[in-house]
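The values are calculated or read from the model by the stated rules, or taken from the named source; none is laboratory data. None of the values given here were measured: they were computed from a predicted structure. Glycine gets a Cβ as well: all are built from the backbone with ideal geometry, and neighbour counts include every protein chain shown.
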Amino acid sequence: MGNQLKTTLLLGSLTGLIILIGRYFGGSSGMVIAFVFAVLMNVGSYWFSDKIVLKLYKSRQLSSQEYPELYSLVSRLSQSASLPMPKIYLIPSESPNAFATGRNSQHAVIAVTQGILRLLNSSELEGVLAHEIAHIKDRDILISSIAATLAGVIMMIASMARWAALFGGFGGSDDDDGGILGFVVLAFLAPLAALIIQLAISRSREYLADSTGARIAGNPLGLASALEKLDYASKKIPIKANPATSHLFIVNPLSGKSLMSLFSTHPPTAERIARLRSQ
């Protein structure tokens, strides 16, 4: 419940940022335009993102005959979670990783790499699959879409403000509230705050999926052991991941050597393991 409350508060914070920016921006018209545009973009993403991301990683759908043990695990875990059986896709990569996608439980997909099937034993693979089923059960795809929409609105308004500044003045609904300081907050600090809040939501959902997945599997130690192996092996054999999709994977697929590692969508693996072992 703690993670659910935290997610709600963080989504509320994003909404509050939009209201504050709208007040500064001199009314609601610019905010409404940005909001509508962001919603249209994210509605399209919500309906088609699964197809896009599966094609991005050259995934193909698996049949039950190809990997009967994998199918059996997913089927049993889905029944345990009271969910429909998701489709299973294989990513042709030796980097060990996995993710869930799809707009809802009726259109869900679990994608696994060749590397993860080679690396993990049955108990560890069960833990990973339960984690991904937990993402489906907890509606994380919908929550991520809402967060992306709200953060997108803030970033679009900030971009509009920067362009407006080029054509005279810093704007603002009230001169007392305007000026350079208000512009800096609007154009630069607000988007950074939105990004940090969005990442915090993603991290909270990972903790929640670990906890829910451990209950679905009936054993938190399998996932804990899997995370240890995945954290080490995925760094040794990184997957060529698009940063925009890195939040989908069970462990961060990015190398961690760039500045963007400071804004990781995943909580520290050691902390995730510690939480699972304390359950």
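Contact map, region 63-82: first residue without any contact (Cβ under 8 Å) to a residue 40 or more places away in the chain and at negative phi, second residue surrounded by 14 or more Cβ atoms within 10 Å (Cβ to Cβ) and in a helix (DSSP H, G or I), Cβ cut-off under 9 Å, separation 6 or more or different chains; pairs are SER63/TYR71; SER64/LEU70; SER64/TYR71; SER64/SER75; GLN65/TYR71; ARG76/GLU126. ALA200 fulfils the conditions (1) modelled with pLDDT under 75; (2) part of a helix (DSSP H, G or I) except for a single criterion, (1).
Condition check: modelled with pLDDT under 95, of a type in the set (Gly, Ala, Ser), part of a loop (DSSP other than H, G, I, E, B) and surrounded by fewer than 18 Cβ atoms within 10 Å (Cβ to Cβ). Does GLY172 satisfy that?
no
The residue pairs whose first member lies in region 220-239 and is of a type in the set (S, T, N, Q), whose second member is assigned to a helix (DSSP H, G or I), and whose beta carbons are closer than 6 Å, counting only pairs six or more residues apart or on different chains, are SER225/GLU124. Restricted to region 203-241, and to residues there that are assigned to a helix (DSSP H, G or I) and polar (S, T, N, Q), the residue that is farthest from LEU5 (Cα to Cα) is SER234. Restricting attention to region 124-169, the residues being among the charged types (D, E, K, R), at pLDDT 75 or above, out of contact with any Lys or Arg (no Cβ under 9 Å at 6 or more places or on another chain) and part of a helix (DSSP H, G or I) number 2. Here ILE88 passes the criteria (1) crowded, with 24+ Cβ neighbours inside 10 Å; (2) assigned to a strand (DSSP E or B) except the one numbered (1). When we screen SER95, SER82, SER63 for residues that are part of a loop (DSSP other than H, G, I, E, B), crowded, with 21+ Cβ neighbours inside 10 Å and not acidic (Asp, Glu), the only hit is SER95.
Is at least one residue of region 114-134 under 15 Å from the mean Cα position of the chain (by Cα), among the β-branched types (Val, Ile, Thr) and surrounded by fewer than 21 Cβ atoms within 10 Å (Cβ to Cβ)? No; the residues of region 114-134 include none that is under 15 Å from the mean Cα position of the chain (by Cα), among the β-branched types (Val, Ile, Thr) and surrounded by fewer than 21 Cβ atoms within 10 Å (Cβ to Cβ).
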